[in-house]
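The values are calculated or read from the model by the stated rules, or taken from the named source; none is laboratory data. Quantities reported herein were computed from a predicted structural model and do not represent experimental measurements. Don't worry about glycine lacking a Cβ; one is built from the backbone with ideal geometry, like all the others, and counts go over all protein chains shown. Protein only, heavy atoms only, side chains kept; ligands, DNA and RNA dropped before computing areas. Shrake-Rupley method; radii C 1.70, N 1.55, O 1.52, S 1.80 Å.
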Amino acid sequence: MKIKKDDFIGSVNDLNIALNSNNKGFEAYFLRGVAKFNLGDYKGAELDFSSTISLHPLYVRAYFFRGISRDRLYEYSHALRDFDYALEIDPFNPEAFMARGDTKMHLKDFKGAVSDYTSAIDLKENLSSAYLNRGIALYFLKKNLQALEDLDKAIKLDYFNIEGWLKRGMVKYEIDSLDAALSDFNQVIEFDRKNPYAYFQRGLTYLKLQDTSAALADYNKVVSFEPNNALTHYNIAIIKSQQK
């Protein structure tokens, strides 16, 4: 109940008491791992999920969550092994394919990531995050038209997820569909007027359109939110040098 209420410290305290009473309770280790993960203690979470697995070697969720914890710890090869184990036990788990795809993205194995996201979509057709992430992977593979199809689908399934709009705008920028890119970045800013990344990307688009005044205004907006954003300061300097 405390985990459901986001009281992760309270849940860890209760689970410590439970495990002091019975250190063979695999569910208590698992739930404590979930609580620690949500507190950002990924190493502690990994150890608790490992204890869960030692007591219950076929508990698929423990492999899944340990894999995610290891991904956060940059232990990508160990994370992949955990996702492989999870999929051996439950080969019809779209979340495990998604998580393995995410780790492959971190390893820049974009083809492998596309394959895993496709498997997730085959198992759960309306999984917006799978279309979004596959679109990003396809973008890195320079398959921009396919990427756009996936990003269109992701936005259709989850209209208010600004990540889809941002990534679609970036792809449109790459293929020089600049007015369409501006439209997507404008939509992100409509959703979140304090999103520095959206202003930065819109500034790049204005610069490509040779509208330096609009670009400078967006870059200044970025700096107002992130005063230490070095790349934005650099871009402002370039514009000012061009304006003499």
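Within the stretch 17-61, the set of residues being among the hydrophobic types (A, V, I, L, M, F, W, C) and on the phi > 0 side of the Ramachandran plot is empty.
Looking at the stretch 189-244, the helices (runs of 4 or more DSSP H) lying wholly inside it that each contain 3 or more residues that are out of contact with any strand residue (DSSP E or B) (no Cβ under 7 Å at 6 or more places or on another chain) and more than 23 Å from D179 (Cα to Cα) sit at 212-225, 230-242.
With the checklist (1) among the hydroxyl-bearing types (S, T, Y); (2) out of contact with any Lys or Arg (no Cβ under 8 Å at 6 or more places or on another chain); (3) part of a helix (DSSP H, G or I) in hand, flag the one item S50 doesn't pass. Evaluating S50 over (1) among the hydroxyl-bearing types (S, T, Y); (2) out of contact with any Lys or Arg (no Cβ under 8 Å at 6 or more places or on another chain); (3) part of a helix (DSSP H, G or I) leaves (2) as the failure. Restricting attention to the stretch 175-193 and to residues that are among the acidic types (D, E) and over 21 Å from the mean Cα position of the chain (by Cα), the residue that is farthest from A147 (Cα to Cα) turns out to be E190. Annotation note: Cβ proximity below 6 Å between a residue of the stretch 96-119 that is more than 16 Å from R72 (Cα to Cα) and among the polar types (S, T, N, Q) and a residue that is open to solvent by less than 40 Å² (accessible area, probe 1.4 Å) and in a helix (DSSP H, G or I) (sequence gap 6+ or interchain) occurs for S119/F97.
If you check S50, S128, S77 for being within 19 Å of the chain's Cα centre (by Cα) and over 27 Å from N161 (Cβ atoms), only one passes: S77.
Annotation: G10 fulfils all but one of (1) small (G, A, S); (2) open to solvent by 20 Å² or more (accessible area, probe 1.4 Å); (3) free of Cβ contacts under 8 Å to residues at least 24 places away in the same chain; the unmet one is (2).
Being more than 24 Å from K4 (Cβ to Cβ), of a type outside the set (S, T, N, Q) and open to solvent by 40 Å² or more (accessible area, probe 1.4 Å) is a description that does not apply to L31.
Against the list (1) open to solvent by less than 70 Å² (accessible area, probe 1.4 Å); (2) at pLDDT below 95; (3) not acidic (D, E), the condition T52 fails is (2). Here L178, L204, L209 are screened, and the one residue that is within 18 Å of V222 (Cα to Cα), in contact (Cβ under 8 Å) with a residue 24 or more places away in the chain and either surrounded by 14 or more Cβ atoms within 10 Å (Cβ to Cβ) or aliphatic (A, V, I, L, M) (or both) is L204.
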